[in-house]
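Worksheet: the structure to be examined is printed underneath.
The values are calculated or read from the model by the stated rules, or taken from the named source; none is laboratory data. Please read these numbers as outputs of a predicted model, since none were measured by experiment. Neighbour counts run over all protein chains shown; Cβ positions are idealised from the backbone, glycine included.
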């Protein structure tokens, strides 16, 4: 003992040697890409009562995004499942960070059976499809529905649900549960009593109405400048009206010069006029802008706001009782429009996926079949006041004014429902690029032409980026 | 393992026996001695000259092994993995194909990357200068800026101990909280800043601070980062200044040095090492700026490289994102080297 004479130099030397040995160690630790082994999915016998062949005692794990919807509506479905399969236990988890919680498990090959892939931290669905990490749910779509064995599940759903799950093929990888209606939101009372006007069906009427509002000291429009992409909620259907479905397809399939057409120009020019005439109440900046702008709107400072159907729930604390919240379809630009007034941007949302390697895949599909039952759809509506995608599920119920007008708008639109697929497929192009371009445009920093060029440039970049999985027209 | 045969240092002498004789039979016993305490080590091995070296390194390894293992697993190995992934097209799936320098070529041609890097580099250059200058100024006022009192060469301004605590407040708050609070302060319509300007008749200075204008957003971000870190440097530099012996100040005072001369000729050179360390640390903080920008600034107004990197991850472009991360790592290192280099001065011992 006591023969050690340790000096600083020796310690540094040993440390360095240790760290040099690390590369060897690094290669030993498992890499993130190390795939898992194939596990056999649990399966039971297919019967009339069990059309998907669920193994009755197999546990089921469900991950639900814990956002504005909470997870009570999903617990309702889990309870249904446990009641049907008394020996099975549903382990339902909620999280705000879907990607953090679920992505590593998907990569490892040990995923949950059902995942509500939603929220700011949702996983890129195109990447999941490309990596073959999600199941094709065609089997479920062709299975008999929960309420009526003679009707297939796919026939109980509103148009768009299946299409939203397809990524350039017939297979369907994603199931949405609630329909969002985008458009121009207003107060019926303000429109009728204060302005003594009807909802404008053409852009000229819109401008005239804004002029009238200005005389009464009101702004015609407002929008959250901190999230300028909200403008898309009123612009998108107008692109469709002006240019037809051909124009919208051109956006989706990143066709050359899709953003440089006359239709796009007309829509941008319409909003330029709105800005030039100072009809827009601005200055709601920062990350909380949508709440600030919505509050100014419910307090009657502006007549119209581009928004989605969640606004009724989100703004309910500041909305006066007799406000009469309504959504209107976007006005027509002129008589030569390719699609009529009433065209509505109303995509199904709140996506669910069944991971490809889910150990109880059949159970996951069955859980979704229950989600698409009338019972669960009505419960979903009660919990979150959103329109379920199950056809006619909430018909005849007493609805809040906003939802009721959204229902009417959907009915009025008929076949003219439009869906921006590129927004889902190339999230960046909408969330980052459209946001930046329209932000500058609405601030008056760029002209119509510059805005169109910038969008085209972003679309071209997306088309050329090898890291972006492209969806081809099927 | 190669053993050392250099003569032992230190007072004790041992290893009288020639090394050669024990080598044949000693190998196994020697290997065993690595794990045996000296008490149970055979005399023959203990008297071996090599045993001293073994005993010494065994001692060092004993207390370094665990922390080094942690460091290796949780710091070094992720770094190495990240460097590896930056040469692949990994998209979150089970496969990552090696693509050579494709990600770096893409970055070179990526306008959005360069735009974000411009913001990050401006932060890197300006923020440390402002923060450190303010920190040094406040610290100097606290330790040596006051009026001369009887019997003391230097003293702080009145209430200096209170200031020291107040300056430190922002450091106690989490950065996310700071970003949320300042977002409200900057709000165009309901913010404290525009409200204050309006109430004192300076309506002309009211701005849409985070409303989309790049320069304003950059300025606002710099102000928040500087504000949140300045207190830390006040405390750091006060401590460094407090360590300077009072008699140096007395000598300067006798020579007729004023406050400015005392600061530039005495204080600053004596705390230079601390300033340099602070500069490096603050530079890395400014180059990051992730939380403040992500939470406070709308992405269409301003984007720094770490936020751009985060967006690449969100889009599932893991390979490209890690390549950006590697570039940030290199940038931090280059910055550190430059500061070490230009900041090198003779050390003054006191």
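For this structure, a couple of remarks:
- Residue in region A:109-122 that is assigned to a helix (DSSP H, G or I) and within 14 Å of chain B (Cβ to nearest Cβ) present: no
- Complete set of residues in region B:234-258 that are in a helix (DSSP H, G or I) and either within 22 Å of residue B:131 (Cβ to Cβ) or outside the structural domain of residue B:157 (by TED's automatic domain parsing) (or both): B:234, B:235, B:236, B:237, B:238, B:239, B:240, B:241, B:242
- Scanning region A:351-360 for residues that are outside any loop (DSSP other than H, G, I, E, B) and surrounded by fewer than 24 Cβ atoms within 10 Å (Cβ to Cβ) turns up just one, A:351.
- Enumeration of residues in region A:69-84 that are over 20 Å from residue A:125 (Cβ atoms) and either in contact with a helix residue (DSSP H, G or I) (Cβ under 8 Å, 6 or more places away or on another chain) or without any contact (Cβ under 8 Å) to a residue 12 or more places away in the chain (or both): A:70, A:72, A:73, A:76, A:77, A:78, A:79, A:80, A:81, A:82, A:83, A:84
- Residue within region A:277-293 that is away from chain B (no Cβ under 14 Å), at pLDDT 95 or above and not in a loop (DSSP other than H, G, I, E, B) present: no
- Qualifying residue in region A:211-228 (condition: more than 14 Å from every other protein chain (Cβ to nearest Cβ), part of a helix (DSSP H, G or I) and without any contact (Cβ under 8 Å) to a residue 40 or more places away in the chain): yes
- Positions within region A:131-144 being surrounded by fewer than 19 Cβ atoms within 10 Å (Cβ to Cβ) and within 12 Å of chain B (Cβ to nearest Cβ), in sequence order: A:132
- When region B:312-329 is filtered for residues that are crowded, with 20+ Cβ neighbours inside 10 Å and under 15 Å from residue A:435 (Cβ atoms), only B:315 remains.
- When B:257, B:240, B:286 are checked against the criterion of being more than 18 Å from residue B:176 (Cα to Cα), crowded, with 18+ Cβ neighbours inside 10 Å and touching a helix residue (DSSP H, G or I) at 6+ places or on another chain (Cβ under 8 Å), B:240 stands alone in meeting it.
- Only one entry in A:239, A:251, A:232 is modelled with pLDDT of 95 or more, touching a helix residue (DSSP H, G or I) at 6+ places or on another chain (Cβ under 8 Å), part of a helix (DSSP H, G or I) and within 14 Å of chain B (Cβ to nearest Cβ), namely A:232.
- Residue in region B:33-40 that is at the interface with chain A (Cβ under 8 Å from one of its Cβ atoms), farther than 30 Å from residue B:324 by Cα and buried (at least 16 other Cβ atoms within 10 Å of the Cβ) present: no
- Odd one out for residue A:97 among (1) farther than 18 Å from residue A:60 by Cβ; (2) crowded, with 22+ Cβ neighbours inside 10 Å: (2)
- Hey, residue A:321 surrounded by fewer than 19 Cβ atoms within 10 Å (Cβ to Cβ) and touching a residue at least 12 places away in the same chain (Cβ under 8 Å) or not: no
- If the condition is being surrounded by fewer than 13 Cβ atoms within 10 Å (Cβ to Cβ) and either modelled with pLDDT under 90 or at positive phi (or both), then region B:50-96 contributes B:62, B:63, B:65, B:95.
- Contact map, region A:406-431: residues that are within 14 Å of another protein chain (Cβ to nearest Cβ) and more than 16 Å from residue A:163 (Cβ to Cβ) paired with residues that are at pLDDT below 95 and assigned to a loop (DSSP other than H, G, I, E, B), Cβ distance under 6 Å, separation 6+ or inter-chain. Pairs shown: A:428/B:315.
- Members of region B:76-103 found to be more than 8 Å from chain A (Cβ to nearest Cβ), more than 26 Å from the chain's Cα centre (by Cα) and in contact (Cβ under 8 Å) with a residue 12 or more places away in the chain, listed by number: B:87, B:88, B:99, B:100, B:101, B:103
- Test for residue B:298: is it assigned by TED's automatic domain parsing to the domain that holds residue B:182, closer than 30 Å to residue A:229 by Cα, crowded, with 19+ Cβ neighbours inside 10 Å and touching a helix residue (DSSP H, G or I) at 6+ places or on another chain (Cβ under 7 Å): no
- Selected residue [assigned to a helix (DSSP H, G or I) and either touching a helix residue (DSSP H, G or I) at 6+ places or on another chain (Cβ under 9 Å) or closer than 30 Å to residue B:102 by Cα (or both)] from A:393, A:376: A:376
Residue by residue, here is whether (1) outside any helix (DSSP H, G or I); (2) within 25 Å of residue B:319 (Cβ to Cβ) holds:
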| site | (1), (2) |
| --- | --- |
| A:412 | no, no |
| A:432 | no, yes |
| A:445 | yes, no |
| A:454 | no, no |
| A:458 | no, yes |
| A:468 | yes, yes |
| A:474 | yes, no |
